[in-house]
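Worksheet for the structure shown next.
The values are calculated or read from the model by the stated rules, or taken from the named source; none is laboratory data. Only a predicted model underlies this, so the values are computations on that prediction, with no experimental measurement involved. Cβ: placed from backbone, ideal geometry, glycine included. Neighbour counts: every protein chain shown.
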Amino acid sequence: MRVLAFLIALFAGPLAAQTARDGACHLDTPCTLGERSYNLREPDGWDGVTPLQVLLHFHGWGRQGTLIVNHDRIASATRARGVLLVAPNGIDRRWDWRAGSPDVAFADAVLADVAARYPTAQTFVSGYSIGSLMAWRLACDSGADIDALLAIAGTLRRTDTCAETPAQVRHVHGLTDTVMDFPFGPGGDTTGPVALWRREMGCGAGTPLGPWSQVDFLTLDRTRWDCARGTVILDTHPGGHFIPHGWIARQIDELLGLPNAYP
């Protein structure tokens, strides 16, 4: 608790009396933390009492949190599943995803601020493109308890090391991605995107789970690793650099034990 209080004070000073739940910040009106900010969106029909799962999602290059909280493939998934969507805003619409990044402390402060405003349960961290790199960095370096990393089309180098690991990693990447090139392993090995986590989490051999789809125009292929420190799941698809339709929704359904639905 002392760590949470310190992080909030570092970025925001004393909390204002009015919180997001009182209408101070929501959707396109950001919550401020010092000179920085984040956007959030409550799930539909929330009773104001039940603890919320949190999905903290890092936007892609040149974007902001306002896009995320209105995004069909992100917000539609959280709104229907009792999940609070939190979207930090990067300085100059970008992220510093390198080791030692000050954006890690900022994201930790965002999570602390959210916990001061809302009753929260599990924390999921996500991101797309350069936002995926930042999500990986947070999962590697944050002192926060991260129950799952949901990463989309962006990985750290497999030679990086991580002080922390999430309880579960789920990553999706297109085989023909030319923006964040698919990190093939030796001999064209397609498990390369999660090589870092497989090493850091002490994974054994992967289990191919085969094809699956949320929409009829895109089929993904899944491999799962059961590890000494959690689980790693990799989904690949034949496309390029995008957030697959229904992918975030499917991950949340599986993590929360909900019936699979779209979106």
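A few comments on the model shown:
- Considered as a group, the residues in the stretch 41-85 that are in contact (Cβ under 8 Å) with a residue 40 or more places away in the chain and aromatic (Phe, Trp, Tyr) include one that is nearest to VAL110 (Cα to Cα), and that residue is PHE58.
- For the stretch 143-153, the candidate set comprises residues that are surrounded by 15 or more Cβ atoms within 10 Å (Cβ to Cβ) and at negative phi; within that set, the residue that is farthest from the chain's Cα centre (by Cα) is ALA144.
- Residue match in the stretch 11-19 (condition: at pLDDT below 95, crowded, with 17+ Cβ neighbours inside 10 Å and on the phi < 0 side of the Ramachandran plot): yes
- For the stretch 113-126, residues that are out of contact with any His (no Cβ under 6 Å at 6 or more places or on another chain) and either aliphatic (A, V, I, L, M) or under 15 Å from ILE74 (Cα atoms) (or both) total 6.
- Lone unmet requirement of (1) on the phi > 0 side of the Ramachandran plot; (2) touching a strand residue (DSSP E or B) at 6+ places or on another chain (Cβ under 8 Å) for GLY187: (2)
- Residue that is assigned to a loop (DSSP other than H, G, I, E, B) and either within 19 Å of the chain's Cα centre (by Cα) or more than 13 Å from ALA151 (Cα to Cα) (or both), where the choices are ASP235, ASP177: ASP177
- Taken together, the criteria place ARG224 among residues that are basic (Lys, Arg), outside any helix (DSSP H, G or I) and either closer than 22 Å to GLY127 by Cβ or touching a residue at least 12 places away in the same chain (Cβ under 8 Å) (or both).
- Between CYS31, CYS25, the distinction of being among the hydrophobic types (A, V, I, L, M, F, W, C), at pLDDT 95 or above and within 17 Å of TYR118 (Cα to Cα) belongs to CYS31 only.
- Exactly one residue among VAL86, VAL114, VAL125, VAL110 is farther than 14 Å from LEU33 by Cα and modelled with pLDDT of 95 or more, and that residue is VAL125.
- Of the strands (runs of 3 or more DSSP E) lying entirely inside the stretch 83-169, the ones with 1 or more residues being in contact with a Lys or Arg (Cβ under 6 Å, 6 or more places away or on another chain) and either within 29 Å of ASP44 (Cα to Cα) or of a type in the set (A, V, I, L, M) (or both) are found at 83-88, 148-152.
- Residue in the stretch 48-65 that is outside any loop (DSSP other than H, G, I, E, B), touching a strand residue (DSSP E or B) at 6+ places or on another chain (Cβ under 6 Å), farther than 17 Å from ALA115 by Cβ and among the aliphatic types (A, V, I, L, M) present: no
- Residue count, the stretch 180-197 (criterion: surrounded by fewer than 20 Cβ atoms within 10 Å (Cβ to Cβ), assigned to a helix (DSSP H, G or I) and out of contact with any Gly (no Cβ under 8 Å at 6 or more places or on another chain)): 3
- Scan the stretch 227-263 for residues that are among the charged types (D, E, K, R) and without any contact (Cβ under 8 Å) to a residue 40 or more places away in the chain and the total you get is 2.
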